[in-house]
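The values are calculated or read from the model by the stated rules, or taken from the named source; none is laboratory data. Small disclaimer: the values here were computed from a predicted structure and weren't measured. Quick reminder, even Gly has a Cβ in these numbers, built from the backbone with ideal geometry, and neighbours come from all protein chains shown. Protein only, heavy atoms only, side chains kept; ligands, DNA and RNA dropped before computing areas. Shrake-Rupley method; radii C 1.70, N 1.55, O 1.52, S 1.80 Å.
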Amino acid sequence: MAKVDTSSSRPYHIIIFGASGFTGQFVVEEVARIVSEGPNGTLKWAVAGRSRQKLDKVLEQAAGALGKPELRTAVEVIVADVGEPDSLAAMCKQAVIVLNCVGPYRFWGEPVVKACVENSAHCIDICGEPQFLESMQLNYNSQAADKGVYIVGACGFDSIPADMGVLYTREQFKGTLTAVESFLTASTGPEGGSINDGTWKSAIYGFADSGELRSLRKKFGHKPLPVVGSKIKRRSALFYSNEVQQYAVPFMGADPSVVKRSQRFLLEEHQETPVQYGAYAGVGGVANIVKMLFAGMMFWFLVKFDFGRNLLIKFPEFFSFGFFSKDGPTRKQMEGSSFQFAFYGEGYTDGQDPSQGRPNAKIRTLVQGPEAGYVATPIAMVQAAITILNEPTALPKKGGVYTPGAAFARTTLVERLNKHGIQFSVI
């Protein structure tokens, strides 16, 4: 069982590391909103990062945005730097859970995981980089298990809606669910929308090192997951989706790999039938396709070379047609944006043998919520932490490096998210 109690030497339930970063500032605000949801109705928390001045500024900003002037003085500021292991160790010794908001994780994530494991702090991140997530499982799972530490990656928009959405769909299905396809769509208000270029940088380095991910996966020595029922058909690289009434492409983020890891864990630990998964994203009409194809060709060419990657990083707005920017979205843009995941599942009703014939039942579920990157992501991350603090007996029996689905399959995380605006429903 996870240790979640504070003490005189470990005074904070949560420390937000990277609190002055673009995403970190919104995680700070979300934690400040939900302090009454901590153990016994209280939450002890602090912020951490390289610059005390910037951290003070973030608390000042949060105090103004939330109308909570006490944040200026009541929240402890801890100076810690990924380049200084002693400072990370000192930070981790004070926390029950570290919320790590410092990316790209492929460059800055491992020192935090290492410090958390060595100093018995649980760790939650919002990484969408499969290579980092899977390398942490390979390199730290056994150490985390020995220490009773829970390292849970991808606890933001990548990949809680997808991973918990698949589990929710299975729970709601009356029988044996064997396959799910998800279709992501996003909408913006009159102000438009954008994504901070931190995500853009992660994508650039992820695609550049895709060969390393393949070699990493071989080290696990996993056998292919068994296919139950009809094998899911892979869709083409661009197709018109009747499900979302627009053109769609395969989803390029971490969701497919995270869901697959969760399904493997649930098969191996709980003998649950693995669900096949296909992930797609709606891209709109013909005009958007032209933009996407042009941007995609430039991206695929430039990402292969150092000079190309430097150009992509220097001019994110130009190469992404304004989709990514160094400034990120404004608060007005965030208020007008939302996302929707539609899940289409199939399987066999109770009493039907999945090895005989085609699936005979279908289900459709929906996960929808506010702006994905900086509203939904902080909600998901913070509720993951609150779930660990309040439901330690519902977590896997031993520590380790987990996906959200593996860590939270037996918890009330979905119900908690429902109360905070990330809605799970059957249609």
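With a ≥ b ≥ c the root eigenvalues of the C-alpha gyration tensor of the range 121-216, is it rounded (a/c under 1.5), prolate (a/b larger than b/c) or oblate? Taking the square roots of the gyration eigenvalues as a ≥ b ≥ c, the range 121-216 is oblate. Each of VAL290 and ASN139 was given a label point 7 Å from its Cα along the Cα-to-Cβ line. The distance between the two points is 4.6 nm.
With a Förster radius of 22 Å applied to the beta-carbon distance between VAL426 and ARG235, the computed FRET efficiency rounds to 0.40. Among the trypsin sites (Lys or Arg not before Pro) within the range 217-258, those in coil by DSSP and having at most 15 neighbouring Cβ atoms inside 10 Å are LYS231, LYS233, ARG234, ARG235. Ligands, DNA and RNA are left out, and with a 1.4 angstrom probe the accessible area of the chain is 46 Å² per residue. In loop segments of the range 10-82 as defined by DSSP, the GluC sites (Glu not before Pro) with at most 11 further C-beta atoms inside 10 Å of their C-beta are GLU70. What separates the Cα centres of the range 98-137 and the range 288-304 is a distance of 30 Å.
Cysteines in the chain that lack a partner Cβ within the 4.7 Å cut-off: CYS92, CYS101, CYS127, CYS155. Using label points projected 7 Å from each Cα along Cα→Cβ, tell me how many nm separate ARG214 and ARG331, to one decimal. For ARG214 paired with ARG331, the spin-label model returns 4.7 nm. For the set LYS44/LYS219; LYS68/LYS93; LYS68/LYS314; LYS54/LYS93; LYS54/LYS332; LYS57/LYS332, the pairs lying more than 31 angstrom apart at their alpha carbons are LYS44/LYS219; LYS68/LYS314. For the range 1-81, the spherically averaged projection of the C-alpha convex hull amounts to 5.8 nm².
Taking every pair of Cα atoms in the range 160-369, average 1/r, invert it to obtain the Kirkwood radius, and report Rg/Rh to two decimals.
Values: Rg = 19.1 Å, Rh = 19.1 Å.
Rg/Rh: 1.00.
Of all DSSP-defined beta bridges confined to the chain, some 50% are antiparallel rather than parallel.
Full extension of the chain between PHE307 and VAL35 gives 93.3 nm of extra length, using 0.36 nm per residue less the Cα-Cα distance. Taken along its principal axes, the alpha carbon cloud of the chain reaches lengths of 62, 49, 41 Å, longest axis first.
Can you show me the helix-derived [θ] at 222 nm for the chain, built from DSSP H runs with n ≥ 4 at -39,500 (n - 2.57) apiece and divided by the number of residues, rounded to the nearest 500. Calculated mean residue ellipticity at 222 nm is -12500 deg cm²/dmol.
What residues of the range 241-260 lie in the reach of a label at LYS362, counting those whose backbone N is under 16 Å from a point 7 Å from the Cα along Cα→Cβ? Flagged as within label range: 241-246.
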